[in-house]
Every structure is written in structure tokens, then in C-alpha cells.
Amino acid sequence: MKNQTNSRFTTFRTIYLVILCIVTIAAIVFGTFYYTGTGFDFGFDHGKYQEKSWSKEDLSGPFTGLDIQVNVSDVEIIADDKPGITFDGRKNLTPTVHNKNGVWTITQKAKNKVLGTTFFGFHRHISRLKVHIPSNASLDNVQVSCKMGDLKLKGLRTKSMDLGLSAGDLTLTGSHIGELTAKLSMGDFDIKECKIHSTDADLSMGDLSAKQIEIGNFSADLSMGDCTLKSKTDLTDAAMDLRTSLGDVTVNKKDQGNKYCNSRENDAEHIIRIKDSMGDIDLLW
């Protein structure tokens, strides 16, 4: 009798999670189309394209941070020896750029009414924004919001970083960050070879992969997707709370069922919390 009850509960939970995921996906897709101004005009009159650049001289003055708000664009931020900004895309999607009290502020206000074509391989209709910052820059804050498009960041040093994507993948490589906050509605999040004091990630639909990273505290909440964390930091004495509703938890290649918790939080140097509604959790150090 008890086995039958557990079986019914498991079946009910599975059905509930599947329905929840379907509703979540539908809401995300609708919200993405609505907020990006996406229509279903598949014509080929896409307006004029242009390339525009802003040099270091155009952004003269102190440089302490980045504030980027775009609707439709792939965004790449690189720390190198070529400071400046370039844009390639539709003319009506050209952002405004200026230095506001030391913060490079980039804002794209236009909406792309024919964005639907990008789903059928017309990638030319997505704008591209590249931001090159000095390789020795140590910033106070990096803030990026992108409604549709991929975001790549490489070699940054900043006290805090706040990233938000509605539809697109996020890649963070070779960066040193104090406080990292990332929220993705639909897309994967890859972290590679970074040192991060505190991470707070929220993914609605997508995988989270963090490899070869040095971490302090790490918190992640996933609705649907796998979470893989391979830490260069020794987490033997870390406080951990790892839970998945539908999936498996593995710690240092040992199967832990659907959850793994310990009670070291009061005196632990590192705190790791990962919650996953549907997906596997794999932690390794």
C-alpha cells in the first residue's frame, strides 16, 4: 500500500512538473516576443544597415563602469588594448553611447519589428555590439540587460556584475568578479576560468556550467536544466545544500540521490546552495 502511494505521488509530481515547464516555456516565449516588439512580418524590407564606432576619445573622462541596455543585439565585452565601441546592424537599432559620470552608458531604444526572421536563419538581422575596454581597467560595476541576443564577457575585473537576458546564451570567461548576479529566462550560462567571490544565478530554462573557477559562495536556482560546477577551490569543508526535484545529485562522482545537505553553514568558509526543479546537479572539486 505504501509503495502504491509513493508511486502515485511520484507520477503526480512528474506530471505537475511537466505541465509547469510547458506553461513556463509558453510564458517566456510570449514575453520575449512582446517585450522585444517582435512581429511575424517575414518580408525582406529590413531597412538600412550601418557600421558605427566610438573611440576612446569619444568616451573621454574617468572610466569606472558599464551600463548596457539593449533590446535586440549580440553583445561582446572584452578587456584588451583596443578601448572603444563598435556597432554593426540595422540603422534604427543603433544605440546611443556616452560617458555618464565615468560609466560608459549604451542604450538601444528601438524595437526590431521583423525579429521573427532570425529564427529562420536570417542572422544578418541581429545587430552586433562590441565593447573593448582597457585591459588594466578595474571597474566598480558592470550592468548588462539584453532582451534578445547572446552575451559574451572576457577578461573583466569588477567589484560587481549584474546581468540579465530574456532569450540568449551567456558566456563569462577569464574574469575576476566580486559580486555576480545573473538572471536568464531562456538560454545557457557558461562560466570558465573565473574567480568570483559570490555568485547568485537564476535560470528559467537552460543549463548552468561553471568550470575551472575559484569561488567563495555560490547560489543557483534552476527551473529546467542541468547544473555542473567544477571548482578549483577546495570545498571539502564547505556548507552545501543541493536539491533537485526531478534529477540526480552527484558530489565528487558519488551519487547522492536527489539531494545532498550538511550542517556546516555556521562556521563554513564557503556556502554552496543549488536548487533545480528539473535537471541534474554535478559538483566536483
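The values are calculated or read from the model by the stated rules, or taken from the named source; none is laboratory data. Remember, it's a predicted structure, so these values are computed and weren't measured experimentally. Glycine gets a Cβ as well: all are built from the backbone with ideal geometry, and neighbour counts include every protein chain shown. Ligands, DNA and RNA are stripped out before the accessible areas are found, and what is left, the full protein with its side chains, is counted by its heavy atoms. Shrake-Rupley method; radii C 1.70, N 1.55, O 1.52, S 1.80 Å.
Residues that are outside any strand (DSSP E or B) and closer than 17 Å to residue 284 by Cα were ranked within segment 162-213; the one that is least open to solvent (accessible area, probe 1.4 Å) is 194. I'm checking my understanding of the structure. Among residues of segment 95-109 that are in a strand (DSSP E or B) and touching a strand residue (DSSP E or B) at 6+ places or on another chain (Cβ under 7 Å), which one is farthest from residue 142 (Cα to Cα)? Out of the qualifying residues, it is 96. Listed conditions (1) crowded, with 18+ Cβ neighbours inside 10 Å; (2) under 14 Å from the mean Cα position of the chain (by Cα) are all met by residue 224, apart from (2). Scanning segment 80-94 for residues that are part of a loop (DSSP other than H, G, I, E, B) and either within 16 Å of residue 50 (Cα to Cα) or hydroxyl-bearing (Ser, Thr, Tyr) (or both) yields a single hit, 94.
Considering only segment 140-161, state which residues are of a type in the set (Gly, Ala, Ser) and either within 22 Å of residue 227 (Cβ to Cβ) or not in a loop (DSSP other than H, G, I, E, B) (or both). Give the derivation first.
Let us first name the residues in segment 140-161 that are of a type in the set (Gly, Ala, Ser), namely 145, 149, 155, 160.
Answer for segment 140-161, where residues must be of a type in the set (Gly, Ala, Ser) and either within 22 Å of residue 227 (Cβ to Cβ) or not in a loop (DSSP other than H, G, I, E, B) (or both): 145, 160.
Among the residues of this structure, residue 76 does not count as one that is at pLDDT 85 or above, more than 25 Å from the chain's Cα centre (by Cα) and among the acidic types (Asp, Glu). Residue 146 meets the conditions (1) farther than 21 Å from residue 89 by Cβ; (2) open to solvent by less than 30 Å² (accessible area, probe 1.4 Å) in every case but one. The failed one is (1). Could you check how many residues of segment 252-285 are farther than 23 Å from residue 193 by Cβ, open to solvent by less than 100 Å² (accessible area, probe 1.4 Å), in contact (Cβ under 8 Å) with a residue 24 or more places away in the chain and part of a strand (DSSP E or B)? Of the residues in that region, 1 qualify. Checking the structure you have, find out if any residue of segment 228-239 is part of a strand (DSSP E or B) and open to solvent by 70 Å² or more (accessible area, probe 1.4 Å). Yes - at least one qualifying residue is present in segment 228-239.
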